[in-house]
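Below is one structure, written out as structure tokens, with a few remarks after it.
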Amino acid sequence: MAEIPTTDTSHYQRRRARELADAEFREEYERARVEIAQVDTIMRQLDARREASGMSKADLARLIGKNPSTVRRLFTAEVNPELKTIVAMASVLGARIEIVGEPSANTDSSTSRSVA
Amino acid sequence: MAWDVVFYRAADGTVPVDDFLDACPTSVRARLFAILDAVAEAPPPQFSGGGHWEAMHGAMGGYFEIRAQGPKREQFRLLCVLENAEASELKRRGFPGPALAVITGLRKPWMTTFSANDYTGVRLLGDDYRSTIPRRIAS
């Protein structure tokens, strides 16, 4: 049987490379990647702890005094989670949010990392 | 394994996503690319979304939204479908592996909603995309 040819899927990568050649674009892109990765890491760790503990999102919401829809939206919707809500969820799940320094930072202890 | 990101190409050769991105402010465009890369590197359901990526419902079921906010809180969206199937089916569609297919983009002022016509327009493009084998994409 004849091999089915695959379509060239490199358009996106080529456009991305062109865009990244622009300093303004690159700066914003890199800032967004760091922000997205950090928020995603925290939310995934919290969700993993919730699942491991057998707790539903509704259970978690009740324990922190929020509506179930509020907690569901924290994991998916267009909201900027309040720090105190994140801390409350971490606390209920037996974890905490901590600020730690990046190895390259010239301060004693101050960039963020999740230890949920 | 990271997914490919592909842009739908209309029968007349235009690429609605490219046109949409060209009209976005640089900061918004950079953010949309950052989200696309985050999703492609940790495909559903690994990526939590964190407010940037969400499955759509109702008449837009089967679509996913990438969300970014621009100056004056203007809202920018990329409307996507997932190309995730058995290897033989992906091959039939022309893909070497799973892909995130971006159909088009929409933008709206803060605190307004997209109209039914906006979504109908997206579905028309999406239907055209899904009706072609192999898929018609920008190359």
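Each value in this text was obtained by applying a stated rule to the coordinates, not by laboratory testing. Predicted model, so just to flag it, every value in this text is computed and none were measured. Because the Cβ atoms are built from the backbone with ideal geometry, glycine has one as well, and the counts that use them run over all protein chains shown.
The value obtained for the stretch A:13-114, namely the Cα convex hull volume divided by the number of residues, is 143 Å³ per residue. Neighbour counts of other Cβ atoms within 10 Å put B:L21, B:L79 in the fewest-to-most order B:L21, B:L79. The phi torsions of the stretch B:87-92, fed into the Karplus equation with coefficients 6.51, -1.76 and 1.60 and a -60° offset, translate into couplings of 3, 5, 6, 4, 5, 4 Hz, rounded to whole numbers, with Gly and Pro shown as x.
Note on the protein assembly as shown: lysine pairs with Cα distance below 24 Å, sequence gap of 8 or more or different chains, count 4. Neighbour counts of C-beta atoms inside 10 Å place B:H57, A:H11 in the sequence B:H57, A:H11, starting with the fewest.
Counts of other chain beta carbons within 10 angstrom of each beta carbon in peptide B:3-16 average 2. Placing a label point 7 Å from the Cα of B:T120 along the Cα-to-Cβ direction, the residues of the stretch B:61-77 whose backbone N falls under 17 Å from that point are B:61. Inter-chain neighbour count for A:89-99: the average number of beta-carbon atoms from partner chains within 10 Å of each residue's beta-carbon is 0.
For B:V5, the residues whose amide H sits under 5 Å from its own are B:L100, ignoring neighbours fewer than 5 places away on the same chain, with H placed 1.01 Å from N. What the phi angles of the stretch B:72-77 give under the Karplus curve with 6.51, -1.76 and 1.60, with θ = phi - 60°, is a coupling list of 6, 6, 4, 9, 10, 10 Hz, glycine and proline written as x.
Just check the stretch A:5-52 against the gyration tensor rule for me: Cα atoms, a ≥ b ≥ c as the square roots of the eigenvalues, rounded for a/c under 1.5, and otherwise prolate or oblate depending on whether a/b exceeds b/c. It comes out oblate by the Cα gyration axes. Let a ≥ b ≥ c be the square roots of the eigenvalues of the Cα gyration tensor of the stretch B:31-133; is it rounded (a/c under 1.5), or, if not, prolate (a/b larger than b/c) or oblate? Note, shape of the stretch B:31-133 comes out oblate.
Here the alpha carbons of the stretch B:1-72 define both size measures, Rg and Dmax, at 13.3, 37 Å. Taking θ as phi - 60° and the Karplus parameters 6.51, -1.76 and 1.60, the scalar couplings of the stretch A:8-23 work out to 5, 9, 8, 3, 4, 5, 5, 5, 4, 4, 4, 5, 5, 6, 8, 4 Hz in sequence order, x denoting glycine and proline. Can you find, among B:G121, B:G105, B:V81, the residue sitting farthest towards the positive end of the charge dipole of the stretch B:76-139, where Lys and Arg contribute +1 and Asp and Glu -1 at Cβ? Of the candidates, B:G105 comes out farthest on the positive side. Counting, for every residue in A:28-39, the Cβ atoms of other protein chains within 10 Å of its Cβ and taking the mean gives 6.
Ordering A:S104, A:P81, A:V34 by Cα displacement along the dipole of the stretch A:13-114 toward the positive end leaves A:P81 in first place; charges were set at the Cβ atoms of Lys, Arg (+1) and Asp, Glu (-1). Using only alpha-carbon positions in the protein assembly as shown, the gyration tensor eigenvalues give semi-axes of 33, 21, 20 Å once each is multiplied by 5 and square-rooted (largest first). Residues whose amide H comes within less than 5 Å of that of B:T104, counting only those at least five positions distant or on another chain, are B:L79 (H built at 1.01 Å from N in the peptide plane).
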